[in-house]
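Structure, as structure tokens:
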Amino acid sequence: MVSSQMEKDELKRLGQEETEMKKIEFLTSRRLCTMDGDCSGFTYDSNQPSICRECGFSVVYHTIVVDDDI
């Protein structure tokens with residue numbers, strides 16, 4: 001019974017770790033704009049951090065995650 005609970009706790013912890021890794025991958029990856037096909041990816045502007053310096057659209061429109069590792 002104790003072993004079963006430990007197994008469940010370990011699976012839960014692994015699931016949480018995977019979720020955190022996906023968040024980090026999303027936040028650190030290049031994200032393309034859904035509104036402007038010419039945008040090379042979200043670039044922060046120090047005066048307006050939620051607006052892309054490249055295209056002028058909000059960060060919420062930059063949802064296409066590009067894996068540059070390939």
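Applying the criteria of a DSSP loop state and at most 13 other Cβ atoms within 10 Å to the chymotrypsin sites (Phe, Trp or Tyr not before Pro) of the chain yields Tyr44.
Using the beta-carbon distance between Gln5 and Asp67 and R0 = 35 Å, what value does 1/(1 + (r/R0)^6) give for FRET efficiency, to the nearest 0.05? Using R0 = 35 Å, I get an efficiency of 0.40.
Computing Rg and the Kirkwood Rh from the Cα coordinates of the chain gives a ratio, Rg/Rh, of 1.26. The mean accessible area for residues of the chain, using a 1.4 Å probe and ignoring ligands and nucleic acids, is 82 Å² per residue. When the solvent-accessible area of the chain is split by element, carbon and sulfur atoms take up 55 percent of it, the probe being 1.4 Å.
Taking 0.36 nm per residue of separation and subtracting the Cα-Cα distance, full extension of the segment from Asp36 to Glu20 would add 2.9 nm. Specify the angular offset, from 0 to 90 degrees and rounded to the nearest 10, of the alpha carbon long axis of helix 2-28 from the longest principal axis of the alpha carbons in the chain. Taking the Cα atoms of the chain, the angle to 2-28 is about 10 degrees.
The values are calculated or read from the model by the stated rules, or taken from the named source; none is laboratory data. Here the structure is a predicted model, which is why all the values come from computation and not from measurement. Glycine gets a Cβ as well: all are built from the backbone with ideal geometry, and neighbour counts include every protein chain shown. Ligands, DNA and RNA are excluded from the accessible area calculation, which covers all protein heavy atoms including side chains. Shrake-Rupley method; radii C 1.70, N 1.55, O 1.52, S 1.80 Å.
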